[in-house]
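See below for the structure under consideration.
The values are calculated or read from the model by the stated rules, or taken from the named source; none is laboratory data. Small disclaimer: the values here were computed from a predicted structure and weren't measured. All Cβ positions, even for glycine, are placed from backbone atoms using ideal geometry, and neighbour counts span all protein chains on display.
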Amino acid sequence: MENSALKIKEWLSSHKIALPFLHVVLGSGLASSLDEYEKTQKDWTLKGVLSFSEIPGINPSTAPGHSAVYKFYEKNGKTLSFQTGRLHGYEGNSPQSVVKPLTVLCDLGVQKFILTNAAGSLQTHMKAGTAMIIDDQVNMTGLNPLTGPNDEKKGPRFPDMSQCYSPRINEILKKNLLQKKVEVHHGTYIGVNGPCFETAAEVKLFSNWGMGAVGMSTVFEAIALRHRGGEVGGISFLANMGTGLAEKAHEKLSGEEVLEEGKKKAPLILSAIFNSAEELI
Ligand code: HPA
């Protein structure tokens, strides 16, 4: 077992925390709201927080709005884990480093995952402040976390991607988002390297291709988890309209805007995720 997996295993055991039945990655805006949401819900008890910086082989996060920790909650002996913060390629991480916080959990036996992100909407009918269920993805980064020698014990050399995102988990997420009165769309997420936002020409291209949302994360994670046989659900929180698509198209995009929009809807989305988790035990 790799050092990172060993460390997490020993830490869970010393804190008497069972292996999670579901692991959720919270994207920008949603991540910073988990602490506050925690105070309003009583069902799940926080059992421990493990920082990436304590785990050998996992890089710390440098992205704004990303503290990069695992948080473990318990209810009736079942563990639900969250990852507030994730690693991105634009921070200088290799695709393999980006996926490490997730693949290590997969290697320990976690099988179900929900990936969330903040993204730019590529379709004018999908307004900022709404959510998009990720039906499928396009990896536009030119990179892949599975590049290099393949460990056949973990997954096949040429993994099938015909069902990258799980219709079952996505259906549960959609139902619970609608129950919380969050407007929900469906679409394809296109993952780019960043860190600059897209040009108007790029947004026009992706939009004409029929893509739903663009962002700088998630695609490597979904690929690596599917390689290992994980079941993955996905939500994009549409924090802003893609460059040039807003009614006031001259307005500039900023990282602060993305975080602020996320904060407003975050409690509803988090609540929908906790409710979805109940159905995935
Ligand atoms: N583009 C890329 N990544 C993003 C965006 C965007 O418009 N919004 C939030 N993350």
So is Lys204 within 16 Å of the ligand (Cβ to nearest atom), touching a residue at least 24 places away in the same chain (Cβ under 8 Å) and charged (D, E, K, R) or not?
yes
Pairs under 7 Å by beta carbon, first residue at positive phi in segment 83-96, partner part of a helix (DSSP H, G or I) and among the small types (Gly, Ala, Ser), six or more apart or different chains?
Gly85/Ala31
From the residues in segment 198-241 that are touching a Ser or Thr at 6+ places or on another chain (Cβ under 6 Å) and of a type outside the set (A, V, I, L, M), which one is surrounded by the most Cβ atoms within 10 Å (Cβ to Cβ)?
Gly233
How do the pairs read when you match residues in segment 214-232 that are within 30 Å of Thr243 (Cα to Cα) and of a type in the set (D, E, K, R) with residues anywhere that are in a strand (DSSP E or B) and within 16 Å of the ligand (Cβ to nearest atom), using Cβ under 6 Å and keeping only pairs 6 or more apart or on different chains?
Glu221/Leu115
Let me confirm something: among Phe220, Phe237, which residue is aromatic (Phe, Trp, Tyr), assigned to a strand (DSSP E or B) and under 17 Å from Gln83 (Cα atoms)?
Phe237
Test: Lys7 is over 20 Å from the mean Cα position of the chain (by Cα) and part of a helix (DSSP H, G or I):
yes
Test each condition in (1) surrounded by fewer than 19 Cβ atoms within 10 Å (Cβ to Cβ); (2) in a helix (DSSP H, G or I); (3) not basic (Lys, Arg) for Ile169 and report the one that comes out false.
(1)
Of (1) out of contact with any helix residue (DSSP H, G or I) (no Cβ under 9 Å at 6 or more places or on another chain); (2) touching a residue at least 40 places away in the same chain (Cβ under 8 Å), Ile114 satisfies all except one. Which?
(1)
Matching residues in segment 78-100 - criterion: being part of a loop (DSSP other than H, G, I, E, B) and surrounded by fewer than 20 Cβ atoms within 10 Å (Cβ to Cβ):
Gly92, Asn93, Ser94
Among (1) within 30 Å of Asn76 (Cβ to Cβ); (2) within 14 Å of the ligand (Cβ to nearest atom); (3) modelled with pLDDT of 95 or more, the one test that Pro195 misses
(1)
Considering only residues that are assigned to a strand (DSSP E or B) and buried (at least 18 other Cβ atoms within 10 Å of the Cβ), which ones fall in segment 137-154?
Gln137, Asn139
Looking at segment 1-32 only, could you name the residues that are hydroxyl-bearing (Ser, Thr, Tyr) and either more than 20 Å from Phe113 (Cβ to Cβ) or surrounded by fewer than 21 Cβ atoms within 10 Å (Cβ to Cβ) (or both)?
Ser4, Ser13, Ser14, Ser32
From the set of residues in segment 118-129 that are outside any loop (DSSP other than H, G, I, E, B) and at pLDDT 95 or above, which is farthest from the ligand (Cβ to nearest atom)?
Ser121
How many residues are of a type in the set (S, T, N, Q) and under 14 Å from the mean Cα position of the chain (by Cα) when one looks only at segment 69-120?
6
If you check Phe113, Phe158, which single one turns out to be surrounded by fewer than 18 Cβ atoms within 10 Å (Cβ to Cβ) and away from the ligand (no atom under 16 Å from the Cβ)?
Phe158
Of the listed residues (Tyr70, Tyr37), the one being of a type in the set (Ser, Thr, Tyr), surrounded by 17 or more Cβ atoms within 10 Å (Cβ to Cβ) and either in contact with a Lys or Arg (Cβ under 6 Å, 6 or more places away or on another chain) or in a helix (DSSP H, G or I) (or both) is Tyr37
